[in-house]
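Accompanying notes for the structure given below.
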Amino acid sequence: STAQIGVTGLAVMGSNLARNFARNGFTVAVHNRTAAKTRALVAEHGDEGTFVAAESAKEFVDALERPRRLIVMVKAGEPTDAVIDEFAPLLEPGDVIIDGGNAHFEDTRRRERQLRERGIHFVGVGISGGEEGALLGPSIMPGGSAESYASLGPLLEKIAAKAADGTPCTSHIGPDGAGHFVKMVHNGIEYADMQLIAEAYHLLRDVAGYSPARIAETFRAWNRGRLDSYLIEITAEVLAHTDAATGRPFVDVVADAAEQKGTGRWTVQIALDLGVPVSGIAEAVFARSVSGHAALRAASAELAGPRATPLSGAEADAFAAQVEQALYASKIVSYTQGFHQIRAGSEQYEWGVDPGAVAALWRGGCIIRAAFLDRIKAAYDARPDLPSLLSDAGFAGEIAAAQDDWRAVLVAAVRQGIPVPAFAASLAYYDALRAERLPAALTQGQRDFFGAHTYRRTDREGSFHTLWSGDRSEVSTD
Ligand code: NDP
């Protein structure tokens, strides 16, 4: 037993993760249900470090130093349970099973509970960065016990991406499902970021009248400013790309129906359960859904509405500058909502998640990495109990400066018939939070009218009901 870590499940993610460990000087035991993949990995990349190829589960387990650390990188869901069932009987108390797949955090909680009874640590780890990240340094979100992090953390810190200041993009998120929960919210924020960028593109195309190449340049310029991020960078690459077959902009030959694997949907489902308004993420999930309803869209093509008339010259450029403001302000709102969900999950499940540490480990390796995350980290470092990112003076000030343009962009979108659900939801959230009075008072009145659901008053403690079908006098219901 010589291997410090083992990886079972050697599709793209598992292979690249195993290679990352090997390249960082760890001896890595490798295993896959179909042994040919194990042999292929060692044949192709054996020279990158020290691999111990294991054909059977027993060989794999025997190859590992104790306490054993074995990473499962198989398809999420039943295959993960099947692999755990196969390995758990071969392990001893104190060993650590790490699930690096995209598991639902409730599954992680269940697995952790079951394995804990047998003395085995189960660590659900969210990994972001795709194939390339797995190989060159992902952002890693480990849950599980503090004890398991003491054993596993140093290895993860070695293979994780490093932020600009050199800090590894990983830290212990909290017990049981905390890591997978935070990874889920990461993906939700990723959906919102992508949708906001898509809406900005749509406006630059149809309202500013810019070509895809010109929009690519615009995104490149934005990427040198406060929007500096991986997603803005790749947006410019995609927009600048020309389709080889037709010579047309690539973005014009791709079918406009966005697909999804489900983590964005989970984020919204869980947010609904926790009662957290993640309206920007929800609109992003629904926008993909709308795009995919081909028959519905075809049947609606003749519906009345304005046709966008593009601006030109200085007017177009001035509008583009306003879109940057709208994008930035909406992005602040998305992160505000995402961090609210992390806080709510942490409270519900008693995880003690440090939001500043989450912002810190998203600074490198993951899909939503952005210069902006340094600012979020600083906001939480200055005030760990910050009730909302919008209550940070820095962000509030930036939104205050952006809001006139943000509103102007929405007005233009509405006038010209361009759908901007995520921009609109973000502004509505902002305005709702700052409203002195919300029409929720009327909603409470209606609920009391039809269902005797009672209401509270602004001027007195207690709960009340009006006898709507009687003499309309008020009774105390305490
Ligand atoms: P896949 O999700 O395609 O899974 C393929 C692997 O699962 C193969 O090694 C396969 O073995 C194994 N497997 C499937 N069913 C079983 C089973 N019943 N018993 C044993 N092994 C089984 O691989 P990826 O590398 O794409 O992803 C791995 C995990 O990482 C997934 O949970 C994914 O969601 C997650 N992830 C993926 C990212 C990505 O960018 N792709 C990013 C972050 C996380 P065999 O070769 O024998 O078929």
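Computed from the coordinates by the stated procedures, all read-outs in this text should not be read as laboratory data. Keep in mind the model is a prediction, meaning the values are calculated, not measured. Here the Cβ positions follow ideal geometry from the backbone for every residue, glycine too, while neighbour counts run over all protein chains shown.
Before moving on, here are some points about what is shown:
- Put simply, the C-alpha atoms of the range 50-140 give a gyration tensor, and the ellipsoid matching it has half-axes of 20, 18, 12 Å, longest first.
- For A163, nonlocal amide neighbours, meaning residues 5 or more places apart or on other chains whose placed amide H falls under 5 Å from its own, are C169.
- Each part reduced to its alpha carbon centroid, the range 140-172 and the range 269-287 end up 29 Å apart.
- Per-residue 3J(HN,Hα) values for the range 35-42, derived from phi via the Karplus relation 6.51 cos²θ - 1.76 cosθ + 1.60 with θ = phi - 60°, read 5, 4, 5, 5, 5, 5, 4, 5 Hz in sequence order (x marks Gly and Pro).
- Computed packing ranks the peptides 284-297, 441-454, 168-181 as 168-181, 284-297, 441-454, most packed first, by mean other Cβ atoms within 10 Å.
- The orientation-averaged shadow of the Cα convex hull for the range 344-478, equal to a quarter of the hull surface, comes to 13.5 nm².
- Kirkwood-based Rg to Rh ratio, the range 1-116, C-alpha trace: 0.95
- Alpha-carbon geometry of the range 213-312: the Rg and the Dmax are 17.3, 49 Å, given in that order.
- Against the main long axis of the alpha-carbon atoms of the chain, helix 393-416 sits at an angle near 60°.
- Shown in residue order for the range 295-311 are the 3J(HN,Hα) couplings computed by the Karplus curve 6.51 cos²θ - 1.76 cosθ + 1.60 at θ = phi - 60°: 5, 4, 5, 5, 6, 10, 4, 8, 4, 5, x, x, 9, 5, 10, x, 7 Hz (x for Gly and Pro).
- Two-decimal Rg/Rh across the range 106-201, once Rg and the Kirkwood Rh are taken from alpha-carbon atoms: 1.05
- Sum of -39500 (n - 2.57) over DSSP H runs of 4+, divided by residues of the chain (222 nm, nearest 500): -17500 deg cm²/dmol
- The DSSP beta bridges internal to the chain are antiparallel in roughly 35% of cases.
- Other residues within the sphere of radius under 11 Å centred on the Cβ of S151, judged by their own Cβ, net out at 0 (K and R +1, D and E -1).
- For the chain, alpha-carbon Rg over 2.2 N^0.38 Å: 1.11
- Note on the range 260-355: Kirkwood radius taken over Cα pairs, Stokes-Einstein applied at 37 °C and 0.692 mPa s, translational D equal to 198 µm² s⁻¹.
- Overall, the ratio between the Cα radius of gyration of the range 330-370 and 2.2 N^0.38 Å, rounded to two decimals, is 1.21.
- Between the range 410-478 and the range 338-386, the Cα center-to-center distance that results, in Å: 31 Å
- Taking each residue as 0.36 nm, the span from R110 to A393 lengthens on full extension beyond its C-alpha to C-alpha distance by 97.8 nm.
- Around the amide H of L311, modelled in the peptide plane, lie the amide H atoms of A208, G209, all under 5 Å away and 5 or more residues distant in sequence or on another chain.
- Of L227, L155, L389, the sequence from fewest to most neighbouring Cβ atoms within 10 angstrom is L155, L227, L389.
- Sorting 397-408, 334-345 by their mean Cβ neighbour count within 10 Å, with the most densely packed peptide first, gives 334-345, 397-408.
- For L10, the residues whose amide H sits under 5 Å from its own are R33, ignoring neighbours fewer than 5 places away on the same chain, with H placed 1.01 Å from N.
- Shown for H465, H121: other C-beta atoms within 10 Å of each C-beta, ranked fewest to most, produce the order H465, H121.
- Relative exposure of E436, E324, E283, judged by other C-beta atoms within 10 Å (fewest first): E436, E324, E283
- Burial order of peptide ranges 188-196, 271-279 (average beta-carbon count within 10 Å, highest first): 188-196, 271-279
- Between 0 and 90°, nearest 10: helix 440-451 axis offset from the chain longest Cα axis: 90 degrees
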